[in-house]
Amino acid sequence: MNTIPPGLLPEGLSDRLPPQAQASALLVRRVLDTVATHGYERVMPPLAEFEDTLTQRLTSMRAQDLVRVVDPVSQRTLAFRPDMTAQVGRIAATRLAAAPRPLRLSYAGPVIRQKATQLRPEREKMQLGAELIGSDSVPAAVEIVNIAIEALQAAGVTGITIDFTLPDLVDMLAAGPLPLGDAQVEAVRAELDAKDAGALAAHGPAAAAYLPLIEATGPFHAAMERLEAFSARVGGAIDSRIAGLRAIAKPIGWDITLTLDPTERHGFEFQNWFGFSIFAEGFVGEIGRGGSYAIARADGADEPAMGFSLYPDPLIDAGFGGDSPKRLFLPLGHDPARAAELRGEGWHTIAALSEGEDGAAQRCSHWLDGSEPRAY
């Protein structure tokens, strides 16, 4: 029998040690505190749920992709959550079904997936965000996008890029002004994802009509002009979407870079008319995403919603949220009342438990000399 080495963790799982664990907590708190100032109230769903109820709300996740266990109490299969958005939707549709709309909820917690990706080798990661339930209107999108930006800025993130998309655009066009068969729809999506104009044209005239959508990608304002020209050629079919995008972009600060990829669908499997990805300078891949979607209610009706999720682990690894507290060493015999005063001023105190302890070894920058902190 092979013995597992002490401290060995499963692949894709890891410990967060000081000071990164503290940095993680601080960053999460800053984001949630910012979100709370806009009226979003915290919910805390469980780490695991019954597999069948969880998968009903995870349209982008197959049951075989989940980490599952058998509940010894009910003997039913449980699944660890791979995403918290679906859980917030469940809460809104059941426990808070009678709450006034629009309903504003926020959340934070770990999620776990069975498999990692090459870009993100971690299977467990932190997810936090906010959901506005009861509306997927342009004003709701304006609120969600700007709160996401404000929350990241409160955490010290700069060089933010917001990439807009219209997740169901191909489906809408294929069912209307630019008809496609079911097989063609998937082929057109794949070539648009790859931005392969030659391969798209090779699928025939019907597919080639979607070529302008490849050109309508890039810096926001230039891409929007090309998207507007495309809409004019299809009888203004997406004029309302274009007007919505312009309204969402208008209040965003000049220091935020805006881009457009109207057919991007990776990570937007359950979004409908609007989606956005969040990037930050110096980081590979997105650090968050959001958009509009629908929540299935118990009565079978769909309820509109808008939200965003952030995945801050790369930020934490890079030092965001890691403002080092002032650590003060308290020697034996120190004045407890004075130490309490200093803690009230923001110091973190480390009290000696025996003679000869070294405050510097405890990562203290100062020690208490009588009533005053002294630098080492």
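Against the list (1) closer than 30 Å to residue 125 by Cβ; (2) modelled with pLDDT of 95 or more, the condition residue 323 fails is (2). Against the test of being open to solvent by 70 Å² or more (accessible area, probe 1.4 Å) and of a type outside the set (Gly, Ala, Ser), the options 73, 31 yield a single qualifying residue, 73.
When the stretch 220-278 is limited to residues that are of a type in the set (Lys, Arg) and closer than 20 Å to residue 291 by Cβ, the one that is modelled with the lowest pLDDT turns out to be 265. Just one residue in the set 105, 78 is within 28 Å of residue 304 (Cβ to Cβ) and in contact with a strand residue (DSSP E or B) (Cβ under 7 Å, 6 or more places away or on another chain); that residue is 105.
Which numbered condition in (1) over 17 Å from the mean Cα position of the chain (by Cα); (2) under 18 Å from residue 144 (Cα atoms) is the only one that residue 276 fails? Answer for residue 276: the failing condition is (1).
The residue pairs whose first member lies in the stretch 153-171 and is within 30 Å of residue 185 (Cα to Cα) and buried (at least 21 other Cβ atoms within 10 Å of the Cβ), whose second member is modelled with pLDDT of 95 or more and of a type in the set (Asp, Glu), and whose beta carbons are closer than 6 Å, counting only pairs six or more residues apart or on different chains, are 165/261.
Residues in the stretch 322-358 that are open to solvent by 50 Å² or more (accessible area, probe 1.4 Å), hydroxyl-bearing (Ser, Thr, Tyr) and under 18 Å from residue 375 (Cβ atoms): 1 in all. Tally the residues that are more than 32 Å from the chain's Cα centre (by Cα), of a type outside the set (Gly, Ala, Ser), open to solvent by less than 40 Å² (accessible area, probe 1.4 Å) and more than 12 Å from residue 213 (Cβ to Cβ), restricting the search to the stretch 174-193. Residues meeting the conditions: 1. Does residue 240 meet the test of being hydroxyl-bearing (Ser, Thr, Tyr) and open to solvent by 60 Å² or more (accessible area, probe 1.4 Å)? Against the criterion (hydroxyl-bearing (Ser, Thr, Tyr) and open to solvent by 60 Å² or more (accessible area, probe 1.4 Å)), residue 240 qualifies. On the given criteria, is residue 56 at pLDDT below 95 and either farther than 21 Å from residue 298 by Cα or among the small types (Gly, Ala, Ser) (or both)? Answer is no for this residue. Scan the stretch 5-60 for residues that are charged (D, E, K, R) and part of a helix (DSSP H, G or I) and the total you get is 5. Determine, yes or no, whether residue 120 is surrounded by fewer than 18 Cβ atoms within 10 Å (Cβ to Cβ), under 29 Å from residue 145 (Cβ atoms) and under 18 Å from the mean Cα position of the chain (by Cα). Taking the combined requirement at face value, the residue satisfies it.
Listed by position, the strands (runs of 3 or more DSSP E) enclosed by the stretch 229-322 that each have at least 2 residues that are over 13 Å from residue 161 (Cα atoms) are 271-280, 288-296, 302-310. Among the residues of the stretch 216-231, none qualifies, meaning not one is open to solvent by less than 30 Å² (accessible area, probe 1.4 Å) and touching a residue at least 60 places away in the same chain (Cβ under 8 Å).
The values are calculated or read from the model by the stated rules, or taken from the named source; none is laboratory data. Computed from a predicted structure; not experimentally measured. Cβ sites come from the backbone with ideal geometry, for glycine too, and all protein chains shown count toward neighbours. Only protein heavy atoms, including side chains, enter the accessible area calculation; ligands, DNA and RNA are left aside. Shrake-Rupley method; radii C 1.70, N 1.55, O 1.52, S 1.80 Å.
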